[in-house]
1. Which of the GluC sites (Glu not before Pro) across the stretch 32-110 are loop residues per DSSP, with 13 or fewer other Cβ within 10 Å?
2. How much accessible surface area, in Å² rounded to 10, belongs to the heavy atoms of VAL51 with a 1.4 Å probe?
3. Would you please give the FRET efficiency between GLN43 and GLU18, computed as 1/(1 + (r/R0)^6) with r the Cβ-Cβ distance and R0 = 25 Å, to the nearest 0.05?
4. To the nearest 10 square angstrom, how much accessible area does THR39 have with a 1.4 angstrom probe?
5. Quick check: the distance between the Cα centres of the stretch 34-71 and the stretch 1-27, to the nearest angstrom?
6. Taking 0.36 nm per intervening residue step and subtracting the Cα-Cα distance, what contour gain separates GLU67 from GLU93 on full extension?
7. In 10 Å bins starting at zero, report the fraction of Cα pairs in the stretch 9-59 per bin as a rounded %.
8. Can you give me the three principal axis dimensions of the stretch 2-100 from its C-alpha atoms, in Å, biggest first?
Amino acid sequence: MSVTVNFTRRDGTVLNVEADEGESLLTVAQNAGLPLEGTCEGQMACSTCHVYVAREWFDRLEPPREEEEDMLDLAAAARANSRLSCQIELTAELDGIAITIPPTSYDQSR
Ligand code: FES
């Protein structure tokens, strides 16, 4: 089953992306050309995959592990609804999830 992810870009425009269950949110964002660097490729050793999760979706996610909380403490412009996108695996229950790219996100490779 496909899962729709609604990304809000830094400029406020919205991009709707179809993804597959089991994909990581970081991979989906990168494949869509969004500026999430993901330097450590999901090892929770950076915070360059940081995103904001819309409040109505935030509580539906598995809670972050302690390692993720530690990295979020270091993320620029972190908020109460911040998560590391590499730690979010898309499931059917997350169809329609709304994600915002932080204003500080930047991908040098793009
Ligand atoms: S890619 Fe480094 S913590 Fe997510």
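The values are calculated or read from the model by the stated rules, or taken from the named source; none is laboratory data. Quick caveat: nothing in here was measured; it's all calculated off a predicted structure. With ideal geometry, Cβ positions are generated from the backbone for all residues, glycine too; neighbour counts draw on all protein chains shown. Heads up: the accessible areas ignore ligands, DNA and RNA and are worked out on the full protein's heavy atoms, side chains in. Shrake-Rupley method; radii C 1.70, N 1.55, O 1.52, S 1.80 Å.
1. Of the GluC sites (Glu not before Pro), the ones in loops of the stretch 32-110 whose Cβ has at most 13 other Cβ atoms within 10 Å are GLU41.
2. It works out to around 0 Å².
3. Once rounded, the FRET efficiency stands at 0.40.
4. 80
5. 14
6. 6.9 nm
7. It works out to 21, 53, 25, in whole percents.
8. The Cα atoms of the stretch 2-100 stretch 31, 27, 23 Å along the principal axes, largest first.
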